[in-house]
Amino acid sequence: MAGRTTTKKGDGSLAWLRERNRERVIAVLRTLGRTSQADIARTTGLSRTTVSTLVAELKDSGLVFEVDGRAPDMRGGRPGVQLALQDSPRVVVGIDFGHSHVRVAVADLAHNVLAERARDMDVNHFAEDALDASASMVDEVLGEAGVERAAVICAGIGIPGPVDRARGTVGSATILPGWLGLRIADELEGRLGLRVEIENDANCGALAELTWGAGRDCSNFAYIKAASGIGAGLVIDGRLLRGASGTAGEIGHTTLDETGALCYCGNRGCLETFASGPAIIRLVSDGHQETLTLGRVIELAASGDVRCRRAISDAGREIGVAVAGLCNLINPERVIVGGLLSRAGDLLLQPIRESIRRHAVLAAAERVEVVPAVFVERAELLGSLALALTGSTQTISA
Ligand SMILES: [Zn+2]
């Protein structure tokens, strides 16, 4: 797994540029239909060498094939081989495992979602059931979209916990108890008969924002998922930062108070003990007759409940302390706040901004803007599609 998504070159800007160039070549092929490398070079303004390298990669990946063009190249080059995009539609599949739901979608390479399914279930404790359900939902979406399994390039998988990409397992026993030791990649590749890429939920959210959302025009940003848990997906020079074993961005377990409450991770005073969904619900539950959910607390805050408002803004302040540290380390252009808690809007975002101003070094704090995510409920599903689309291009460049 790890090898597939590790690019050869360390320079993210180069990888980004290369990806943009590749997209331009595909766009020309899509517009012109059959055409030659020379015409692609002329239309895109790219050098012939660059076009030649990109076309070779696209041919290897099966996205582009040679048409028997008999007319010689009148400009004196070798006989003009015509190129075309593969006719059969190629698609990617995305699977989002939440703690209590499974969502599946299929999308084409033009980034259109063709079909989508969602099912509520106890994913945390019943991994096998969730995996089986996802496989049958993939059958359903492929059927609805009218595409053959052979047309699927890759399946992107989002998991609501740290993912050890080298082993293809969940990196924590406490977050997803039913998934411990399960080799997710192998299990899913077996069930689906597809190549899979796995990523944790915050990284999927970051990929969705990078590809279609608030991070589209931005190559350095931190995506913060604030929901039941708090995680970060970090995009550096246009690429996801994964770290040595794929768990980069576990901001929810930043220590804010060494003598604070015991966290489920085994440490004390982690950010999640102050600002996670369950922590906020615990704070405001006293005195409420109904059993509160995070969504309900946000509704109550929006309708003026002072305790709910205070709990959310305090959570924002604590998240901001941890994010300030992140700003000092990676100096992002933007902090994109997603997850259900982001539905609270400026009630959450304004204290985050204030904490960053208070705790980050001035140069980093002045530069960064804190904005809401474009995607909230479907962020992970769209991110798993983006992962599959990225996975398919990384296969090409590997
Ligand atoms: Zn913790």
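The values are calculated or read from the model by the stated rules, or taken from the named source; none is laboratory data. The structure presented is a predicted model; accordingly, all values stated were derived computationally and were not measured. Positions of Cβ are generated from backbone atoms using ideal geometry, with glycine treated the same way; all protein chains shown enter the neighbour counts. Heavy atoms of the whole protein, side chains included, go into the accessibility calculation; ligands, DNA and RNA do not. Shrake-Rupley method; radii C 1.70, N 1.55, O 1.52, S 1.80 Å.
Among beta bridges from DSSP that stay inside the stretch 127-260, the antiparallel ones total about 65%. Within the shell of other residues whose beta carbon sits under 12 angstrom from the beta carbon of Leu54, the net charge comes to +2, with Lys and Arg scored +1 and Asp and Glu -1.
Over the stretch 298-398, give the accessible area per residue in Å² for a 1.4 Å probe, as an integer.
Numbers: 4220 Å² over 101 residues.
Dividing the accessible area of the stretch 298-398 by its residue count gives 42 Å².
Between Arg119 and Glu290, the modelled labels are 3.0 nm apart [label points 7 Å from Cα along Cα→Cβ]. Along the axis of the charge dipole computed for the stretch 187-311 (Cβ charges of +1 for Lys and Arg, -1 for Asp and Glu, origin at the Cα centre), the listed residues Val196, Gly229, Ser285 are led at the positive end by Ser285. Over the chain, DSSP H runs of length four or greater, each weighted -39,500 (n - 2.57), average out per residue to a 222 nm ellipticity of -13500 deg cm²/dmol. Look at the dipole of the chain built from charges on Cβ: of Leu294, Ala110, Leu348, the Cα furthest out on the positive end belongs to Ala110. Placing +1 on the Cβ of every Lys and Arg and -1 on the Cβ of every Asp and Glu, with no other charges, gives the chain a dipole of roughly 1380 debye about its Cα centre.
Could you grab the relative contact order for the stretch 222-291? Cα pairs under 8 Å, six or more apart, rounded to a whole percent.
It rounds to 25 percent for the stretch 222-291.
Remark: relative contact order (the chain) = 17 percent; criterion is Cα-Cα distance under 8 angstrom and separation of 6 or more residues. If the chain linking Glu333 and Phe126 were pulled fully straight, counting 0.36 nm for each residue of separation and taking away their Cα-Cα distance, it would gain 70.5 nm.
Available extension along the chain between Arg216 and Val306 is 28.8 nm, counting 0.36 nm per residue and deducting the alpha carbon span. Candidate membrane-span-like segments in the chain, meaning DSSP H helices with Cα atoms spread over at least 15 Å of their own axis and a Kyte-Doolittle mean of -1.0 or above, are 12-32, 48-60, 127-145, 201-212, 306-330, 346-359, 379-397, with no membrane implied. Counted by Cβ distance under 14 Å from Cys263, the other residues give a net charge of -3, where Lys and Arg count +1 and Asp and Glu count -1.
Near Val64, the amide H atoms lying under 5 Å from its own belong to Lys59, Gln86; only residues 5 or more places off or on other chains count, and H is placed 1.01 Å from N. Between rounded, prolate and oblate, where does the stretch 216-294 land on the alpha carbon gyration tensor, with a ≥ b ≥ c its root eigenvalues, rounded for a/c under 1.5, else prolate if a/b exceeds b/c? It comes out oblate by the Cα gyration axes.
Can you classify the stretch 139-256 as rounded, prolate or oblate using the Cα gyration tensor, where a ≥ b ≥ c are the square roots of its eigenvalues, rounded means a/c under 1.5, and otherwise it's prolate if a/b beats b/c and oblate if not? It would help to have the intermediate numbers written out before the result.
Working: a/c = 2.11, a/b = 1.28, b/c = 1.65.
Judged from the Cα gyration tensor, the stretch 139-256 comes out oblate (a/c at least 1.5, b/c at or above a/b).
Once the Cβ-Cβ distance of Trp16 and Val361 is raised to the sixth power relative to R0 = 30 Å, the FRET efficiency obtained is 0.65.
Give me the percent of the accessible area of the chain that comes from carbon and sulfur atoms, probe 1.4 Å, all protein chains in place. Answer for the chain is 50 percent, counting heavy atoms of protein chains only.
Near Phe221, once Lys and Arg are set to +1 and Asp and Glu to -1 for all other residues with Cβ below 14 Å from its Cβ, the sum equals 0.
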